[in-house]
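Q: Have a look at this one.
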Amino acid sequence: MILQGKAAHPVREIILHCAAIKTGQFAHMTPFHVFATVNQWHTERGFKNGFGYHGLIMPDGVYYSGRPYSMIGAHCIGHNAGTLGFLLIESREITKIDYFSTYYTPAQNRALLDLVGSIDGIEKVSAHHDYAPKLCPGFEVKTYDWL
C-alpha cells in the first residue's frame, strides 16, 4: 500500500480528472509539453509543488508521471491526502450536452485500467465532479468499471 506525506495517509482512492482546455489545444503536443503546460498553470496559481496530479494519460494511451505517489497531490480540494489524481487529456472539448457520455479513447481506457490494476490498496475510483461542482472528467465514474 502507498502511504502519502509525513502523516503516512494510506492511498485507497484514485480521482479522475480532465483538463479544462479548448478543443485541440494539446493536439500534436508530446506528453512532456502537456505536462510542462499544466505545470506552468499550476505554478502560476500558486501550487507549492507545481503539477498537482500524479500522472497524465494522453489520447494515445501514453502515460506521463507527475508527482510521486508518496506525495500528496493538489488535484481535489479537501480530498488530496490518501488519493491519487490522474489527468486524462481529452481528444475533444467536454460540454454539458455530452457530459455522461464516454469521451475517452480506447487507448486511454486500456492504459487507465492497467494503471489502476497495478496500484496496490486501491478500493475506490471516483470523479472530480463527485467532490466539486465541475464537469470534470466529463463522464460518470463507477468504481466497479475500473477495479
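Q: Are there any pairs, at least 6 apart or on different chains, whose C-beta atoms fall under 8 Å, with the first in segment 127-140 and at pLDDT below 95 and the second polar (S, T, N, Q), and if so, which?
A: Once the first residue is at pLDDT below 95 and sits in segment 127-140, its partners that are polar (S, T, N, Q) give Phe139/Ser101; Phe139/Thr102.
Q: Taking Gly50 as the residue in question, decide whether it is touching a Ser or Thr at 6+ places or on another chain (Cβ under 6 Å) and outside any helix (DSSP H, G or I).
A: Yes; evaluated as a whole, the condition is true for this residue.
Q: Being within 23 Å of Ser118 (Cβ to Cβ), of a type outside the set (Lys, Arg) and part of a helix (DSSP H, G or I) narrows it down to one of Phe35, Phe86, so name that one.
A: One residue alone meets the criteria, Phe35.
Q: List pairs: first residue in segment 30-43 and surrounded by 16 or more Cβ atoms within 10 Å (Cβ to Cβ), second residue part of a helix (DSSP H, G or I) and aliphatic (A, V, I, L, M) anywhere in the structure, Cβ distance under 8 angstrom, at least six positions apart or on different chains.
A: none
Q: Considering segment 59-70 alone, what residues qualify as being over 19 Å from Gln25 (Cβ atoms), part of a loop (DSSP other than H, G, I, E, B) and touching a His at 6+ places or on another chain (Cβ under 8 Å)?
A: Once the filter is applied, which keeps residues that are over 19 Å from Gln25 (Cβ atoms), part of a loop (DSSP other than H, G, I, E, B) and touching a His at 6+ places or on another chain (Cβ under 8 Å), segment 59-70 yields Arg67, Pro68, Tyr69.
Q: Name the pairs whose Cβ atoms lie under 8 Å apart, with the first residue in segment 69-82 and over 18 Å from Ile119 (Cα atoms), the second among the hydrophobic types (A, V, I, L, M, F, W, C), and 6 or more positions between them or separate chains?
A: Ala74/Phe47; His75/Ile15; His75/Leu87; Cys76/Ile15; Cys76/Ala132; Ile77/Ala132; His79/Ile15
Q: Within segment 18-26, identify whether any single residue is at pLDDT below 85, aliphatic (A, V, I, L, M) and over 18 Å from Asp130 (Cα atoms), and answer yes or no.
A: Yes, that holds for at least one residue.
Q: Which of (1) part of a loop (DSSP other than H, G, I, E, B); (2) closer than 25 Å to Val125 by Cβ does Leu56 not meet, given it meets every other one?
A: Status for Leu56: all satisfied but (1).
Q: Quick one: in segment 1-15, of everything that is among the aliphatic types (A, V, I, L, M) and surrounded by 18 or more Cβ atoms within 10 Å (Cβ to Cβ), which residue is farthest from Ser70 (Cα to Cα)?
A: Ile15
The values are calculated or read from the model by the stated rules, or taken from the named source; none is laboratory data. Keep in mind that this is a model prediction, so the values were computed, not measured. Please note: Cβ atoms are built from the backbone with ideal geometry, for glycine as well, and neighbour counts cover all protein chains shown.
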